[in-house]
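K.L.:
My structure is below; once you've seen it, I'll send some questions.
Every number here is computed from the coordinates shown, using simple stated rules; none is lab data. Being a predicted model, the structure only gives us computed values, none of them experimental. FYI the Cβ positions are ideal-geometry reconstructions off the backbone, even for glycines, and counts take in every protein chain you see.
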Amino acid sequence: MTTTPLPLLVLGKGRDLHTERGVECPGDLPPASDPALVERARAAKEALGDRVFILGHHYQRDEIIEFADTTGDSFKLAREAAARPEAEYIVFCGVHFMAESADILTGPDQTVILPDLAAGCSMADMAAISQVEDAWQDLQDAGVADATLPVTYMNSSAAIKAFTGRLGGTICTSSNAKTALTWAFEQRGDGQILGTGKVLFLPDQHLGRNTYVRELGGSLEECVVFDPHKPMGGLSVEELRAARMILWRGHCSVHGRFSVDAVETARREIPDVNVIVHPECQYEVVELADYVGSTEKIIKTIAAAPDGSSWVVGTELNLVQRLAKQFPGKRIAFLEKNVCYCSTMNRIDLPHLVWALESLVEGRVVNPIRVDPEVAGYARAALDRMLALPGETHKD
Ligand code: SF4
């Protein structure tokens, strides 16, 4: 019997280099079961000394956090990297867009390394630069581009940040989205926050909607969702003209899955529970929560809560587990039983970290992240605009 070949690209075979990023590691990756891994990571880090600085995002595994010189959210880590000009190598234990931002913000003599190139981000991947350029053309054709300013979440590729910078827009984080949107509306239309200006918000529709409606006092009716897979985003010219917030159809595949049902179950089953969620969660979930905030804000809120208090937390599971361990006097639970770890954050494990560090000790740089200089220039302009926002000091 003959078999019919599947009409699929075979990964790792040099046929689709863009999507094959990180499928294979060129080198001897130590097996995950190697009992000496912790010792090897420690020895390599010690041998490198101040030449290496390891950044660990809050959503990383404990085995990685143990070796991080500092931990934080994506923006805090990029700034930490920029503040270490003496470190020749920045090993970024996070995902691809974060390493790109670190490369943009660090000096030309520094190299940013992502231990596993397959550590991408599903949200960032939901906005390809060609789709965004096409969308902007649609806005021009609809006659609304002049009234619109792009505001882009940190969780996006360097190319999308550069698009934003080129058009005079700004980057935002989950901590400063309200400030960024306020500024953006003041730059367009009649300069009023709820006036005639528009924002194209990329790529997380939930953060955009939650901020506009809950923090700026806009209405849900003024938000439209631009679907890059449909002509004109699936919207009519009239809808685009009437909208104030044009939300890209992107979401986080972890935070987007927390449900209203899970919040209601927690309230039913845990007396006096506090529900705290990240603003990447759906609007309906955020509306039901007691507290909403970035990962840094979630950590600070729970740290400051009294012993004996009960919390259900809607953010990445590695962080929630770490909080539960760190604060045994508080009852801390994960909001949704059907939500898993962020699979791409979890790509960074001890074998990959050891491989990256030991390679440096041997004088080999593996998985460097280098953003094209022109892209980096425009992306930096958008990042700098964020840093210049009124009163902006990256509040957590
Ligand atoms: S948690 Fe969500 S936004 Fe963060 S890296 Fe994972 S998929 Fe991307």
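K.L.:
Quick one: pull the percentage of alpha-carbon pairs in the chain with a separation above 34 Å.
P.N.:
Working: 25238 of 78210 pairs.
So the pairs more than 34 Å apart make up 32 percent of the total in the chain.
K.L.:
Mind checking which lysines have their C-alpha under 28 Å from residue 161, skipping anything on the same chain fewer than 8 residues away?
P.N.:
76, 178, 198, 230, 297, 395
K.L.:
Something else about it: Please give the charge dipole size of segment 107-219, origin at the Cα centre, charges +1 on K and R Cβ atoms and -1 on D and E Cβ atoms. Round to the nearest 20 debye. The partial results should precede the final answer.
P.N.:
On the way: 7 positive and 12 negative charges, 71 e Å.
With only Lys, Arg, Asp and Glu charged at Cβ, the dipole is about 340 debye.
K.L.:
How long is the gain from residue 326 to residue 338 if the chain were fully straight, where each residue apart is worth 0.36 nm and the alpha carbon distance is subtracted? Show your work: numbers first, answer last.
P.N.:
Values: separation 12, 0.36 × 12 = 4.32 nm, distance 2.36 nm.
Gain on extension, residue 326 to residue 338, equals 2.0 nm.
K.L.:
Taking every pair of distinct Cα atoms and averaging 1/r, then inverting, what Kirkwood hydrodynamic radius in Å comes out for segment 69-185? Walk me through the numbers before you get to the answer.
P.N.:
Numbers: mean 1/r = 0.0650 Å⁻¹.
Every distinct Cα pair counted, the radius reaches 15.4 Å.
K.L.:
Also, I was wondering about something else. Tell me what the chain gives for mean residue ellipticity at 222 nm when only DSSP H runs of n ≥ 4 count, each as -39,500 (n - 2.57), the sum divided by the residue total, rounded to 500 deg cm²/dmol.
P.N.:
The helix-only estimate for the chain comes to -10500 deg cm²/dmol at 222 nm.
K.L.:
Considering amide H positions built from the backbone, and no H for Pro or chain starts, which residues 5 or more places from residue 226, or on another chain, come under 5 Å of its amide H?
P.N.:
Under 5 Å from the amide H of residue 226: 247, 248, 249.
K.L.:
May I ask you to derive the relative contact order of segment 255-334, considering only C-alpha pairs under 8 Å and at least 6 residues apart, and to give it as an integer percent?
P.N.:
Numbers: 122 pairs, mean separation 23.5, N = 80.
In percent, rounded to a whole number, it is 29.
K.L.:
Moving on to the next point. What would the Debye equation give as log₁₀ I(q)/I(0) for segment 124-253 at q = 0.13, 0.15, 0.17, 0.22 Å⁻¹, counting only Cα atoms as equal point scatterers?
P.N.:
After summing over all Cα pairs, the log10 values are -0.43, -0.58, -0.77, -1.44.
K.L.:
A follow-up question, please. Per Stokes-Einstein, at 37 °C and 0.692 mPa s, what whole-number D in µm² s⁻¹ belongs to segment 255-334, with the Kirkwood radius over Cα pairs as the hydrodynamic radius? List each step's numbers first, then the result.
P.N.:
Numbers: Rh = 12.4 Å.
Taking Rh from Cα pairs, D becomes 266 µm²/s.
K.L.:
Need one number for segment 168-244: average projected area of the convex hull over its C-alpha atoms, nm².
P.N.:
Mean projected area of the Cα convex hull: 5.0 nm².
K.L.:
Give the Debye-formula value of log10 I(q)/I(0) at each listed q (0.14, 0.17 Å⁻¹), with one equal scatterer per alpha carbon of segment 310-390, two decimals each.
P.N.:
Normalising to I(0) and taking log10 leaves -0.87, -0.92.
K.L.:
State, as an integer percentage, the relative contact order of the chain based on alpha-carbon contacts under 8 Å between residues 6 or more apart. Spell out each step's value before the answer.
P.N.:
On the way: 775 pairs, mean separation 82.9, N = 396.
RCO, the chain: 21 percent.
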